[in-house]
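Asker: Supplied in structure tokens, the structure appears directly below.
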Amino acid sequence: MEKVISLCKRRGFVFPGSEIYGGLANSWDYGPMGHLLKQNIKKAWWKFFVQERSDMVPFDSAIIMNPKVWEASGHLQNFSDLLVECKKCHRRFREDHLLEAISAQPGYDKEKVRSIADVNCPDCGGSLTEPKSFNLMFKTFLGTNEDTSTTAYLRPETAGGMFVNFKNVQGVTRRRLPFGIAQIGKCFRNEITPGNFIFRTREFEIGEFEYFINPSGWEEVFEMWLGEIKRWWKDVMQVNMDNLVWHEIPDGERAHYSKRTMDIEYKYPFGVKELHGIAYRTDFDLSRHEKVSGQDLHYTDPDSGEKFLPHVIEPTFGIDRMLLVILLEAYHEEEAPTAVEGETEARVVMKFPKHLAPVQVAVLPLSKKEELAKIAKPLADELRKMFSVEYDETQSIGKRYRRQDEIGTPYCVTVDFDSLEDKKVTVRDRDSMKQNRVAINELAGYLRDQFAS
Ligand code: GAP
């Protein structure tokens, strides 16, 4: 994990937030490479779950909504964690996180730690307060008066915006059930114990969709989405499926309205923890919004005339957690041959799936000489029309290859002095490090084929 965090800083994937002011704990900024990687993950998610399907419609709702939305969804009353505070050093902890950390310690004795009352502060040993409920929504005020009538909240999830617009979207798109409404957007939660790099932060992005169904046959729809989620991880994100854990939430542990929930977990370096989830939420959301708004949110089946409240299956994905998983999966250290016959050196290489790589092609003239730049610069400009391209002419070619390996560039194109004569360039493959000589006028097609394969 530390090696990945250090690479992220060194190569411009993720920087500590507000760094020149000493940082802001657990806030992170995405650098040029991180931005591109995140964009590519979001694009792939959108293509797979929305664009390529005939049963999904896109959406983009407001971050600040009428507070009644959060009253209806239950967030105002229940979106809380239990926190305890050390009476001596005043550090605050999430009760469940503290108990989980203690139970993972060597020598843990179940009989001695039956509840949080048996636990002391892990930092200073002081005694802890009784657990109290802490609402995770960020509060703000609309306009210039700061009182209860102007209180509003930053959304803690994107789902609410899609539920309250069900009628609008269904009306204008004239969709028949089943269909889904999807969006990607920023969410805010005032987490008590953020941490583990970008795993748990107070500001993060979610990609999620509400799939509206007739409740009869919900089991098959749930299975269909599980199959799609597996395809997403295996074929699109190309992760090692052994690193995923499919955690069926048992009866009694699910939200009271859910008939089936599956957490998809990942074997992170800091333990097996949630990556994302899928839940069958019954008609809980629409029935609550109907009750609190007083609006009729029922749907009438055009064939049978049956009028009912649609039920919902909700797959939800944390974009930042997906990005963390892609970084962890991509990181490799290996021995690579040097220019000297028979010698090797250690290289770090990010083996991103090619379609996710922040930079797809690097154009590297062998030297800064004008005669090479005359070929290399227009070539890079031409390739930029199709690919994400970097042009780099500084330092030795070996160092430039190492840098491109560390940002995971699948193809490096080298322009050398022979190129002046034979009108060819060398294309180096990131993973095999094999080099191919390719005619300049065939290069775009060659690279397109490589990305397609
Ligand atoms: N609408 C359902 C919902 O919001 P959730 O499990 O609370 O479900 C969805 O959140 C996903 O958002 C999680 O599975 C996780 O990937 C991501 N997520 C939740 N809290 C997060 C945080 N504090 N930092 C980063 N990602 C988070």
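Asker: Over the chain, average the accessible area per residue using a 1.4 Å probe and give it in Å², no decimals.
Answerer: 50 Å²
Asker: Largest first, how would PHE134, PHE417 line up by accessible area (1.4 Å probe)?
Answerer: If we order PHE134, PHE417 from most to least accessible, we get PHE417, PHE134.
Asker: Return the long-range amide H neighbours of GLU157 (sequence gap of 5 or more, or a different chain), with a cut-off of under 5 Å between placed amide H atoms.
Answerer: PHE188
Asker: For segment 208-221, what does the Karplus curve 6.51 cos²θ - 1.76 cosθ + 1.60, with θ = phi - 60°, yield as ³J(HN,Hα) per residue in whole Hz, taken in order and with x for Gly and Pro?
Answerer: 8, 9, 9, 9, 8, 9, 7, x, 5, x, 4, 4, 5, 5
Asker: Oh, and also: Within the accessible area of the chain, what % is carbon and sulfur when the probe is 1.4 Å and the other protein chains stay in place?
Answerer: Looking at the chain in its full context, I get 49 percent from C and S.
Asker: Cross-link candidates for LYS38: which aspartates and glutamates have Cα within less than 14 Å, leaving aside residues fewer than 8 places away along the same chain?
Answerer: Within the straight-line limit of under 14 Å, LYS38 reaches these aspartates and glutamates: ASP29, GLU205, ASP320.
Asker: If you take the beta carbon distance between GLU421 and SER396 as r and set R0 to 25 Å, what does 1/(1 + (r/R0)^6) give as a FRET efficiency, to the nearest 0.05?
Answerer: My answer for the efficiency is 0.60.
Asker: Subtracting the Cα-Cα distance from 0.36 nm times the residue separation, let me have the gained length for HIS355 to ASN145 in nm, one decimal.
Answerer: The span from HIS355 to ASN145 would gain 70.7 nm if fully extended.
Asker: Taking 0.36 nm per residue of sequence separation and subtracting the Cα-Cα distance, how much length would be gained by fully extending the chain between GLN435 and LEU82, in nm to one decimal?
Answerer: 121.3 nm
Asker: Please label the shape of segment 254-378 as rounded, prolate or oblate, based on the square roots a ≥ b ≥ c of the eigenvalues of the alpha-carbon gyration tensor (a/c under 1.5 means rounded; beyond that, a/b larger than b/c means prolate, else oblate).
Answerer: Here segment 254-378 falls in the prolate category.
Asker: Ratio to report: Rg/Rh of the chain, with Cα atoms as the point set and Rh obtained by the Kirkwood method; give two decimals.
Answerer: That ratio equals 1.03.
Asker: How large is ³J(HN,Hα) for each residue in segment 38-52, as worked out from phi by the Karplus curve 6.51 cos²θ - 1.76 cosθ + 1.60 (θ = phi - 60°), to whole Hz, x for Gly and Pro?
Answerer: My calculation for segment 38-52 gives 5, 4, 5, 5, 5, 4, 5, 4, 5, 5, 6, 8, 10, 4, 7 Hz in order.
Asker: Collect residues whose amide H, placed 1.01 Å from N in the peptide plane, falls under 5 Å from the amide H of VAL363; neighbours closer than 5 in sequence don't count.
Answerer: Here the answer is GLU390, TYR391, ASP392, VAL413, since their amide H atoms fall under 5 Å of that of VAL363.
Asker: Can you tell me the 0 to 90 degree angle between the C-alpha axis of helix 370-384 and the longest principal axis of the chain, rounded to 10?
Answerer: 30 degrees
Asker: May I ask you to rank GLU52, GLU314, GLU393 by accessible area, largest first, using a 1.4 Å probe over the protein chains only?
Answerer: Solvent-accessible surface, decreasing: GLU52, GLU393, GLU314.
Asker: For SER432, SER388, give me the order by solvent-accessible area with a 1.4 Å probe, most accessible first, ignoring ligands, DNA and RNA.
Answerer: I get SER432, SER388, largest accessible area first.
Asker: First measure r as the distance between the Cβ atoms of PHE138 and GLU333, then evaluate 1/(1 + (r/R0)^6) with R0 = 51 Å and state the FRET efficiency to the nearest 0.05.
Answerer: The calculated FRET efficiency here is 0.80.
Asker: Could you compute how much accessible surface GLU248 exposes when probed at 1.4 Å, giving the result in Å² to the nearest 10?
Answerer: Surface accessible to solvent at GLU248 totals approximately 80 Å².
Asker: Tabulate in residue order the Karplus-calculated ³J(HN,Hα) for segment 8-17, using 6.51 cos²θ - 1.76 cosθ + 1.60 with θ = phi - 60°, rounded to whole Hz; enter x for Gly and Pro.
Answerer: After applying 6.51 cos²θ - 1.76 cosθ + 1.60, I find 4, 6, 4, 10, x, 8, 9, 10, x, x Hz.
Asker: Going through segment 344-453, which trypsin sites (Lys or Arg not before Pro) have at most 16 other Cβ atoms within 10 Å and a DSSP loop state?
Answerer: Taking segment 344-453 and a limit of 16 other Cβ atoms within 10 Å, the loop trypsin sites (Lys or Arg not before Pro) found are LYS368, LYS369, LYS385, LYS423, LYS434.
Asker: Could you calculate the FRET efficiency of GLU253 with GLU345 from 1/(1 + (r/R0)^6), where r is the beta carbon distance between them and R0 is 41 Å, rounded to 0.05?
Answerer: Efficiency for this residue pair is about 0.20.
Asker: Could you sort out which of LYS132/LYS234; LYS42/LYS267; LYS47/LYS368 sit more than 32 Å apart by Cα distance in this structure?
Answerer: The answer is LYS132/LYS234; LYS47/LYS368.
Asker: Then there's this: Once fully extended, how much extra length lies between HIS90 and ASN66, figured as 0.36 nm per residue of separation less the alpha-carbon to alpha-carbon distance?
Answerer: 5.2 nm
Asker: If each of GLU228 and ALA25 carries a label point 7 Å out from its Cα toward its Cβ, how far apart are those two points in nm?
Answerer: Computed distance between label sites GLU228 and ALA25 equals 4.0 nm.
Asker: Using Cα centres only, tell me the gap between segment 201-270 and segment 373-442 in whole Å.
Answerer: Going from one Cα centre to the other spans 41 Å.
The values are calculated or read from the model by the stated rules, or taken from the named source; none is laboratory data. It should be emphasised that the depicted structure is a prediction, and the values quoted were computed from it without experimental measurement. When we count neighbours, we look across all protein chains shown, and the Cβ atoms used for this are built from the backbone with ideal geometry, even at glycine. Accessible surface areas use protein heavy atoms only, side chains included; no ligands, DNA or RNA. Shrake-Rupley method; radii C 1.70, N 1.55, O 1.52, S 1.80 Å.
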